[in-house]
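The values are calculated or read from the model by the stated rules, or taken from the named source; none is laboratory data. Only a predicted model underlies this, so the values are computations on that prediction, with no experimental measurement involved. When we count neighbours, we look across all protein chains shown, and the Cβ atoms used for this are built from the backbone with ideal geometry, even at glycine. Ligands, DNA and RNA are stripped out before the accessible areas are found, and what is left, the full protein with its side chains, is counted by its heavy atoms. Shrake-Rupley method; radii C 1.70, N 1.55, O 1.52, S 1.80 Å.
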Amino acid sequence: MSDRPVLRRCVACRQLLDRRQLWRVIRDHQDGVRLDEGMGRSAYLCREENCLEEATRRKRLQKALRCQVPETVLAVLKQRLNQSVGESAEAD
Ligand SMILES: [Zn+2]
């Protein structure tokens with residue numbers, strides 16, 4: 001049963017999805033709010049503009065994590081969104 005998808009709920013649209021399809025935002029015990037990995041309370045978000053906007057506007061991540069979420073974290077997600085949309089991925 002190890003390949004059974006682990007379902008998590010998006011904080012914006014409330015859909016249950018395979019967590020591999022979602023962004024994970026973690027309130028890490030040591031490092032504050034982080035993306036993708038860390039130890040602590042987690043919030044999940046669809047990799048979609050609508051959900052990112054909704055979460056930002058209604059402070060859904062803040063509520064889920066019960067702490068402030070730095071602008072930089074939201075900016076990184078927005079950037080990822082733009083990168084996944086554009087076909088021309090630039091190598092860095
Ligand atoms: Zn969503």
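Observations on the model:
- Using only side-chain charges placed at the Cβ, +1 for Lys and Arg and -1 for Asp and Glu, the dipole size of the range 7-84 relative to its Cα centre rounds to 360 debye.
- Solvent-accessible area of the chain (1.4 angstrom probe, protein heavy atoms only): carbon and sulfur portion equals 44 percent.
- Percentage, to the nearest whole number, of Cα pairs in the chain over 19 Å apart: 40
- Here the relative contact order of the range 7-84, from alpha carbon pairs under 8 Å that lie six or more residues apart, stands at 27 percent.
- Area accessible to solvent at Glu37, 1.4 Å probe radius, in Å²: 120
- Solvent exposure of the chain amounts to 75 Å² per residue of accessible area, where only protein heavy atoms count and the probe is 1.4 Å.
- For Arg41, distant residues with modelled amide H under 5 Å away: Arg27
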